[in-house]
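Chemist: Before we start, here is the structure in question, set down as C-alpha cells.
A short reminder: the numbers here are calculations on the coordinates, not readings from a lab. Owing to the predicted nature of the structure, the values given are computational and were not obtained by experimental measurement. Counting neighbours? That spans all protein chains shown, and the Cβs are built from the backbone with ideal geometry, glycine included.
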Amino acid sequence: MITLKEALQLSKDELNKFTNNLKTKIDENKELNAYIDVKYVGEGIPIAIKDNIQVKDWSVTSASKILQGYIAPYNATVINKLLDAGLSPFGRTNMDEFAMGSTTETSYYGKTLNPINPEHVPGGSSGGSAAAVGAGLAIAALGSDTGGSIRQPAAYCGIVGMKPTYGRVSRYGLGAYASSLDQIGPMTQNVEDAAILYDIISGSDEKDSTNAMMDDKVVPNLNAARKLTIAVLPQYIENASDAIKEAYAKAIQALKSQGHTIVEKEMMDAKYDISAYYITATAEATTNLGRYDGVRYGNKVEGKNLEETYFKTRSEGFGDEVKRRILLGNFVLSSGYYEAYYVKAQKTRHIIKDEYAKIFQDVDLILSPVAPTVAPKFGELSSPMQMYLSDIYTISVNLAGLPALSLPIMKNSDGIPVGLQFIAKAYDEQTLFDGSLSLENAVAYKA
Ligand code: GLN
C-alpha cells in the first residue's frame, strides 16, 4: 500500500486508478468487515473514517441500531479540514457501539477480524479503522480515542495510532462518548504519515468550546535526530505479558542505540485509573446518550405514549454494553452515590494528572505498554470486567489529557504484533513525533 506521503504526490488520474483498485480490494476482503460502507465523497486521497464522525449527507451510526437511518446534516470539522487539504472521506469503518469496547465486537454490524490473524480481535473501539489500514485496505484512517480506542487497535493490528492532546483536534461533528476524554486522531502505516494527518486535522475551531485554538504544525520541524530523555517504568509494567515485556526491553535497547537517555520512574498502581476512568466515562456517556430518545435522531419504536416510546426505542436501540454503561453512569451520578464515586473519581483524575506532571519535570517522553497483552482471540475476554482491565495502560493518558502515540515494535512467536506507546507533555506533539520517528527507525518493524 502506498503511504499518505506518496499519495500526496499522485496526479488526479493516478489517484482515480488507485481508488478504483482499492474498491476492488475491499470487495475481495469483505470477510474482514473493516468497512460498514464504502463511498467516495470527493476527488481527493481516500481516507477511511470511523462511523462516529459525521460526513455531510452520509449515514453516521456509531455502529448502533438506534442510529440506523440517520443522515449527517453537516461535516465534522476534521472532515472539512481533510477536504481542504485534498483528502476525501472514503468509507465508514466499523467500531464498537458508541465507541464503548475494546474489541469491535459490540458493533451492530457484527465483529471486525484482525487482518494479521482472523482468530484474534482487531482491538477497539476503532477496530475497523485499524483493520483497514493493517490489511492494506486504506492509506490511512481517522479514529477516536476516549480511553485507548486509537492506540490499542493500532497496537493489535501492527499500525501507528496517535491520540492528540485534549483540545488539539476539534470534536465538532464527533459522536460524543465522554466529552472530557474524547479526541479524534490519525491511524496510519507509519509515524511520518501520522504526523502529516495530525497536522491536517488539528488546529483551531470556534465550533468546539474545548478547542485549544492552537495552529502550530509538527511536520516542518520533524527531527528524529534529537536526543531525548525518556522515562521507563519497570514496576508499572510488571503485570504485562512476556511478549509486552520483551518488546519493552527491545525498545529500551533501540532507544539507547539512538543516543537517548533512559531514566527509571514509577507510576501509581494503574488499578485506580480503571476506577476513575469507568466512573468518569460512564457518567458522561449517560448524559451524552440521553439525546437518543427516538424523537430527534434515527430509529424510533412507537409506544402508547411518549414515555413508552422512549422506553421501547432505547430498549431496542441500544446494545447490552451500552445499556450497562448507562446504568453504571446513572448510578455514579445518583444523589446518594455522587460524592462516593463521581467526586472521588475526579479527585483521582487530578492525582493522575499531577503524577504525570511530576515525571515530566525530568523527562521528555514516557515509554509505556499500550495493552497488557497482544490482541486476544475472540472469546478470550470472558467478562466485561476483564475487558475493562485490558484498558489499564491507555486510560490515564485520556484522564490527564495528554498526547500519546502507539507504534509496532515486534511480533510475538505466533506472528501477532506487539505495540508500545510514547506519552508526551500536553501540547508537546513535536517531541512525541520526533521520539516516535527515532524509535520507529531503530526497531525497523516489518509488517
Ligand atoms: N475501551 C475503552 C472503553 O470501552 C475505551 C474506548 C474508547 O477509547 N473509545 O471505554
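Chemist: For Met95, Met100, what ranking results if the residue with the fewest other Cβ atoms within 10 Å of its Cβ goes first?
Modeler: If I rank by nearby Cβ atoms, fewest first, I get Met100, Met95.
Chemist: Comparing Arg325, Arg168, Arg296, which has the greatest mean-square fluctuation in the GNM of the chain with Cα pairs linked when under 10 Å apart?
Modeler: Arg296
Chemist: Using the per-residue mean of other Cβ atoms lying within 10 Å as a proxy for protection, in what order, highest first, do the peptides 426-435, 402-411 fall?
Modeler: 402-411, 426-435
Chemist: Give, in nm to one decimal, the length gained when the segment between Asn305 and Glu246 is fully stretched (0.36 nm per residue of separation minus the Cα-Cα distance).
Modeler: 15.3 nm
Chemist: Which value at 222 nm does the chain reach when only helices count, each DSSP H run of 4 or more adding -39,500 (n - 2.57), with the total divided by all residues and rounded to the nearest 500 deg cm²/dmol?
Modeler: -11000 deg cm²/dmol
Chemist: For Gly415, what is the net charge nearby, where nearby means another residue's Cβ is under 13 Å from its Cβ and Lys, Arg count +1, Asp, Glu -1?
Modeler: 0
Chemist: Among Ile326, Ile230, what is the fewest-to-most ranking by other Cβ atoms within 10 Å?
Modeler: So the residues, fewest neighbours to most, are Ile326, Ile230.
Chemist: Taking the Cβ of Ile2 as the center, what net charge do the other residues with Cβ under 11 Å away carry, scoring Lys and Arg +1 and Asp and Glu -1?
Modeler: Overall, the nearby charge balance is -2.
Chemist: Rank these for me by crowding, Ser396, Ser204, going from fewest to most other beta carbons within 10 Å.
Modeler: Final ranking by Cβ density, sparse to dense: Ser204, Ser396.
Chemist: Which whole-number percentage describes the relative contact order of the chain, with Cα contacts under 8 Å and a sequence gap of 6 or more? Before the final figure, lay out the partial values.
Modeler: Values: 1059 pairs, mean separation 80.6, N = 447.
Computed value for the chain: 18 percent relative contact order.
Chemist: Given an 8 Å cut-off on Cα distances and at least 6 residues of separation, report the relative contact order of segment 379-424 as a percent. Working shown, then result.
Modeler: Values: 36 pairs, mean separation 13.2, N = 46.
Result for segment 379-424 is 29 percent.
Chemist: Say R0 is 22 Å: what FRET efficiency, to the nearest 0.05, do Glu206 and Glu6 get from their beta-carbon distance?
Modeler: 0.05
Chemist: Using Cα pairs closer than 8 Å and at least 6 residues apart in sequence, work out the relative contact order for segment 133-235, in percent.
Modeler: Contact order relative to length: 26 percent.
Chemist: In the neighborhood of Lys23, defined by Cβ-to-Cβ distances under 15 Å, what is the net charge if each Lys or Arg adds +1 and each Asp or Glu adds -1?
Modeler: Summing Lys/Arg as +1 and Asp/Glu as -1 gives +1.
Chemist: OK, next. Specify whether the C-alpha gyration tensor of segment 142-231 places it in the rounded, prolate or oblate class, a ≥ b ≥ c being the square roots of the eigenvalues: rounded for a/c under 1.5, otherwise prolate if a/b is larger than b/c and oblate if not.
Modeler: Cα axes put segment 142-231 in the oblate bin.
Chemist: Quick check for you: which residues of segment 184-214 have the amide N under 15 Å from the point 7 Å beyond the Cα of Lys25 toward its beta carbon?
Modeler: Under 15 Å, as judged by backbone N against the label point of Lys25, lie 188-190 of segment 184-214.
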